[in-house]
Amino acid sequence: MIVKQRAETEDDNAQQFLSVFKREWTKNKGKGFVEFNFEDIMPETVIKGTTQPKSIVVLTDNSCGSAGESFVETCKKSRKVHVMGRPTMGLNDYANLVCKEWEEGFELLYPTSRLSRVDANEGMTGVGIPPHTHIPWTSEHVRIDVDLDKALKYLSSKT
């Protein structure tokens, strides 16, 4: 699969990522779940922002999963971002599914990666990424956008 993706990919950054991923898979074949060394492609990542805007609100709930959860988790590391709403789906403990299909119509999907924090009982399955400010869902959400109203009030209190 990686060989096919490399053949179809022209982007140099994607090529480098796929090379490192293939190297790590080859090096660790048969060892079960092990931590991959991605230092070649992801050294200590520092995101340098701008001074404006001063405050940002990210709204989330249980319809946010996978890459969206990674986004929320990264946003929570910023001093200027405040996450509001309800916890995310909690899908990222096991990821990068591979599918084995049979002619009879059966298929098996299994993960090829797992977050190492699962070993420390800090996984997100059934928990998700909790917001800074929890806004419980109520029947009022059917009539008005409660989350947006609270976000706007939060932002106006910051100015």
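Taking the chain as a Gaussian network of alpha-carbon nodes connected by springs under 10 Å, the highest mean-square fluctuation of the residues A95, A120, A67 belongs to A120. Entry note, the chain: the mean residue ellipticity at 222 nm calculated from DSSP H runs of n ≥ 4, each adding -39500 (n - 2.57), is -8500 deg cm²/dmol after division by the residues and rounding to the nearest 500. By the gyration tensor of its Cα atoms, with a ≥ b ≥ c the square roots of the eigenvalues, what is the shape of the stretch 15-122: rounded for a/c under 1.5, prolate for a/b over b/c, or oblate? Cα axes put the stretch 15-122 in the oblate bin. Would you tally the net charge around D61, using a Cβ to Cβ cut-off of less than 13 Å, leaving D61 out, and scoring K and R as +1, D and E as -1? That sum, taken over residues with Cβ under 13 Å, equals -1. Only one residue of I144, G65, Q52 has its Cα farthest out toward the positive end of the dipole of the stretch 1-147, where Lys and Arg carry +1 and Asp and Glu -1 on Cβ, and that residue is Q52. Angle of helix 146-158 to the longest C-alpha principal axis of the chain, folded into 0 to 90 degrees and rounded to 10: 70°. A simple count of charges around D147, restricted to other residues whose Cβ falls under 12 Å of its Cβ and scoring Lys, Arg +1 and Asp, Glu -1, yields -1. Given a 1.4 Å probe and the protein chains as shown, H132 ends up with an accessible area of around 80 Å². Solvent-accessible surface of the chain, taken per residue with a 1.4 Å probe and all protein chains present: 74 Å². Other residues lying with their Cβ under 14 Å from the Cβ of K29 contribute a combined charge of +3, Lys and Arg counting +1, Asp and Glu -1. Mean separation of Cα pairs under 8 Å and 6 or more residues apart, divided by the residue count, gives the chain a relative contact order of 20 percent. For the set E140, E35, solvent exposure ranked by accessible area (probe 1.4 Å, protein chains only) runs largest to smallest as E35, E140. Taking every DSSP bridge with both residues inside the chain, close to 50 percent are antiparallel. Comparing P87, P131, P111 in a Gaussian network model of the chain where C-alpha atoms under 10 Å apart are linked, the largest mean-square fluctuation is found at P111.
The values are calculated or read from the model by the stated rules, or taken from the named source; none is laboratory data. All figures in this text were calculated on a predicted structure; none of them were measured in a lab. Glycine gets a Cβ as well: all are built from the backbone with ideal geometry, and neighbour counts include every protein chain shown. The accessibility values were calculated without ligands, DNA or RNA, using every heavy atom of the protein model including side chains. Shrake-Rupley method; radii C 1.70, N 1.55, O 1.52, S 1.80 Å.
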